[in-house]
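See below for the structure under consideration.
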Amino acid sequence: MAPEHPGPSEPYDLAAHAHSFGAAADAYARARPGYPDDAVDFLVGRARRVLDLGAGTGKFTASLAARGLDVVAVEPSTRMLAQLRSTLDVEAHEGTAEATGLPDASVDAVVVAQAWHWVDPALAVPEVARVLRPGGTLGLVWNVRDESVPWVARLWEVAQQGSEHEMRASVDTVGAPFGAPEHFRTRFEHATDRAGVLDLVASRSYVIVLPEAHRAQVLAGVARVLDEEFPDGGEVRVPYVTHCSRFTLS
Ligand SMILES: C[S@@+](CC[C@H](N)C(=O)[O-])C[C@H]1O[C@@H](n2cnc3c(N)ncnc32)[C@H](O)[C@@H]1O
């Protein structure tokens, strides 16, 4: 599994990437999009108490809180968690998908947004099953930039990140005691600007862990593409496809 996203010739270190986000928590909170309402509907259904697992700075948590749901956020990075706590008044704990720290059968739904590819499924699947009530659901979601749009493909090529299909392949690691997945896909555009797109690239794990000179080079390349594609500046609308999978505890 090669998450979010090693360059073609880079040695890959899962732990370094998974633990990298705290270093760019500000850029992450500023730049990353939230999740469309129809995706949240699909992932949460009629659940009342929901665990947002790998909650990061709270991008998905915010949608749950806005619905008045009983939310608990769990996240391993103290810096991401600090960002979440600075903007959201929800129950939030340090923990991982492999060890959430929650009681048995205590939530109706678990959602893992943009993070299942970081977890060890051999430990995380039984842990999620343990904290879910009977008939509860595990929802996985990824916002994937739409590279069928030429400027998006060009920009991410310069950013030296390939397509994100490996992330979504991690859906296949969920098995018993969960049933077969149901899938849902939707599209949206994230309205931002030049600085927002640069933050978007800077908040990717692959870019965070680069040596400083290499990171500056990547960001300068992205800036050049933005100057050429959007010479008048102003708003940039980044197209995304949101991929959701929902598994029910059998
Ligand atoms: C791309 S961010 C997604 C954050 C948030 N869910 C969102 O949608 O913006 C991935 C998150 O997974 C967290 N993470 C990494 N390894 C994890 C693990 N084993 N269990 C739970 N979360 C993990 C990272 O700290 C990071 O906050």
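The values are calculated or read from the model by the stated rules, or taken from the named source; none is laboratory data. Keep in mind that what you see is a predicted model, and the values were worked out from it rather than measured. Note that each Cβ is placed from the backbone with ideal geometry, even for glycine, and that neighbours are counted across all protein chains shown.
Descriptive notes on the structure:
- Long-range neighbours under 8 Å by Cβ, at least six apart or interchain, first residue under 24 Å from residue 234 (Cβ atoms) within segment 195-210, second within 13 Å of the ligand (Cβ to nearest atom) and modelled with pLDDT of 85 or more: 200/32; 201/207; 202/208; 203/32
- For segment 148-193, the set of residues classified as among the acidic types (Asp, Glu) and at pLDDT below 95 consists of 157, 164, 166, 172, 193, listed by residue number.
- Given (1) touching an Asp or Glu at 6+ places or on another chain (Cβ under 7 Å); (2) surrounded by fewer than 18 Cβ atoms within 10 Å (Cβ to Cβ), number of the condition residue 246 does not satisfy: (2)
- Residues located in segment 199-231, provided they are in a loop (DSSP other than H, G, I, E, B) and either under 19 Å from residue 149 (Cα atoms) or hydrophobic (A, V, I, L, M, F, W, C) (or both): 209, 210, 230, 231
- Strands (runs of 3 or more DSSP E) completely within segment 51-168 that count 3 or more residues being under 16 Å from residue 244 (Cβ atoms) and within 11 Å of the ligand (Cβ to nearest atom): 107-113, 132-145
Residue-by-condition table, conditions (1) touching a strand residue (DSSP E or B) at 6+ places or on another chain (Cβ under 6 Å); (2) among the basic types (Lys, Arg); (3) closer than 25 Å to residue 80 by Cα:
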| site | (1), (2), (3) |
| --- | --- |
| 205 | no, no, yes |
| 210 | no, no, yes |
| 226 | no, no, no |
| 237 | yes, yes, no |
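- Selection within segment 1-43 - within 9 Å of the ligand (Cβ to nearest atom), touching a Leu at 6+ places or on another chain (Cβ under 9 Å) and at pLDDT below 65: 3
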